[in-house]
Every structure is written in structure tokens, then in C-alpha cells.
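Read the structure below first, then the notes.
We did not get these values from a lab; they are worked out from the coordinates using the rules stated. Note that the structure is a prediction, hence the values are computed from the model and not measured. FYI the Cβ positions are ideal-geometry reconstructions off the backbone, even for glycines, and counts take in every protein chain you see.
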Amino acid sequence: MTTKVLIVEDEQAIRQLVDHTLSNAGFEVLQASDAEQARTMIHKPPPDIVLMDWMLPGASGIELTRALKSDKITRDIPVIMLTARGDEDDKVRGLDSGAEDYIAKPFSPREMVARIRAVLRRVSPHATEEPVAVGKLKLDPSAHRVTFNGATIDMGPTEFRLLHFFMTHQDKVYSRSRLLDRVWGTNVYIEERTVDVHIRRLRKALEPFGAEQLLQTVRGAGYRFSGVAESHAGH
């Protein structure tokens, strides 16, 4: 589950420098040279985070960030502004557009990697490789392993991604359509009832360990994952 970063930058030398730095740090890197190309790439499938240059041909990075944040499909993708405009007013404008962070050029490659990881931990914990635990249930993305009290739980790749998302977004209710966008991606056109199929498979995998009650049905709304089981949660 490699973290995918989209670089939106019109200067090829900077794109290649960032690409080289992030690839060496273990990220999968996509490149776009302008806003139009970025709009196309962000849907197939969506990246985990966007590094956005301020000055772009066609539409500025500020305009593109506002557009992404106003679209329900892309609004949850974190954006880091990457720009030479480093005074306080520009930083405020960048953050007001919806960006999660702001890195001024010239920048330290090590700092850039650290800032990306910090934003992902804060905003998109399911996009990181860090292990996550809920009680005795543990999931390790880098090893692609789920255990309960040390015993391995076997499950398919979709159930693994679904569980990872739920474990990093506890106690929030997600509709089927929202889960499709966040777990399957916006470029996958499948029916919402497919979510129910994978929820059932995930519960079946957790059931022998008594952990299926962590995944709760909220009637009329969707699903919630909680370390506190509720007696009225339906299956």
C-alpha cells in the first residue's frame, strides 16, 4: 500500500527533484505540469496527497486547491502548497484556500518528506504505512498483516483496505457512497451494495476472534467502526 503523491508543478527540474526525493523515500509519485493535467490525474485513481505549486499556467494552484476542496469527491485529499511566495500574507491565502500545509521554496528535501508524513498522519492516517491498533486488533500496512491478540486474521485485499480505513477513522459514520470514494476510489464505478458484500466478508473474518462487533451498522446512515461496542448496533 504505497502512498501516492501527485506533484503539480510547471517547472520540470523541480518536478524531477521532488520525484527523485519522494521516490527514494518510498512514495509512489505522479506528475502534472498544469492544472488541467492535474484535474485529469486526480481521478484515476486519486492520490493520497497533492504537492501544489502556486504559480501554474492556466489556473493557479490556489484556484485548483479551492476547486478540489469544494468537490465532495476530492475535498478530503490533503494539499501542501509548494511555492516561492513565502511572506505571511501569501501563507494565509494558501491555507485559506483549503491547503493543509505550506512549504516555501527553496526547501529542504528532508523537511518536505517530514512535512508530507506529518500531514498524512494528521489528515489521512489510512494513507500511511504506520501500524494501527484498536485494543487487541492490530493492522500493519507495510507487512499487510492483521492480528488479534497475536493471531493472524486472513482477509482479502479489499477487506484489508476497508479495515485500515475504518481503524484510522473510528467512531465516524460513513455512508456506502462515501466508503466507495474513500476506499475504492472515484474512478471505480460499482454499485453501493458491493460495499455491503465486503462488509459481510470483513465481519466474517473478524468473527472467530469476537471482533466483528467493532464494525457497526447505523441504520439509514451507513457503517461505523468503534472500539466501544453498542448493543443496539445491527448487523
Query raised in the report: What is the distance, in nm, between label points placed 7 Å from the Cα along the Cα-to-Cβ direction at residue 93 and at residue 136?
Result: 5.7
Report summary line: The summed charge of the residue 123 Cβ neighbourhood (under 10 Å; Lys/Arg +1, Asp/Glu -1) stands at -2
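Which value results when the Cα radius of gyration for region 132-225 is divided by 2.2 N^0.38 Å? Don't skip to the answer; put the middle values down first.
On the way: Rg = 12.7 Å, N = 94, 2.2 N^0.38 = 12.4 Å.
That ratio works out to 1.02.
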**Report entry** Acute angle (nearest 10 degrees) that the helix 109-123 long axis makes with the longest principal axis of the chain, alpha-carbon atoms
**Finding:** 40
Query raised in the report: Once the Cα atoms of helix 12-24 and of the chain are each reduced to a long axis, what angle between those two axes, in degrees from 0 to 90 to the nearest 10, is obtained?
Result: 30
Query raised in the report: With no solvent and one point per C-alpha, what does the Debye sum give as log10 I(q)/I(0) for region 4-127 at q = 0.13, 0.22 Å⁻¹?
Result: -0.43, -1.46
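Based on other C-beta atoms within 10 Å, arrange 69, 172 from fewest to most. Numbers along the way, then the final one.
Values: 69 15, 172 12.
The fewest-first ordering by Cβ neighbours comes to 172, 69.
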**Report entry** the chain, relative contact order [Cα under 8 Å, separation at least 6], %
**Finding:** 14
Report task. Treating only the Cβ atoms of Lys and Arg (+1) and Asp and Glu (-1) as charged, compute the dipole magnitude of region 17-172 about its Cα centre; round to the nearest 20 debye. Result -> 380
Requested in this report: Calculate how steeply helix 61-70 sits against the longest principal axis of the alpha-carbon atoms of the chain, using the helix alpha-carbon long axis, and give the answer as 0 to 90 degrees to the nearest 10.
Outcome: 20
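Within the set 138/172; 105/138; 72/136; 69/136; 69/138; 69/204, which residue pairs have Cα atoms separated by over 30 Å? Mind dumping the intermediate values first?
Values: 138/172 19 Å; 105/138 39 Å; 72/136 34 Å; 69/136 36 Å; 69/138 32 Å; 69/204 36 Å.
Checking Cα-Cα distances, 105/138; 72/136; 69/136; 69/138; 69/204 exceed 30 Å.
What net charge do the residues around residue 149 carry, taking every other residue with its C-beta under 12 Å from that of residue 149, with Lys and Arg at +1 and Asp and Glu at -1?
Working: positive: 136, 138; negative: none.
In short, +2.
Could you please rank 92, 79, placing first whichever residue has the fewest other Cβ atoms within 10 Å of its Cβ?
In order of increasing Cβ crowding within 10 Å: 92, 79.
Which order results if 48, 101, 34, 96 are arranged by neighbouring Cβ count within 10 Å, fewest first? Could the numbers behind the result be given before it?
Numbers: 48 23, 101 20, 34 16, 96 11.
Ordered by Cβ neighbours within 10 Å, fewest first: 96, 34, 101, 48.
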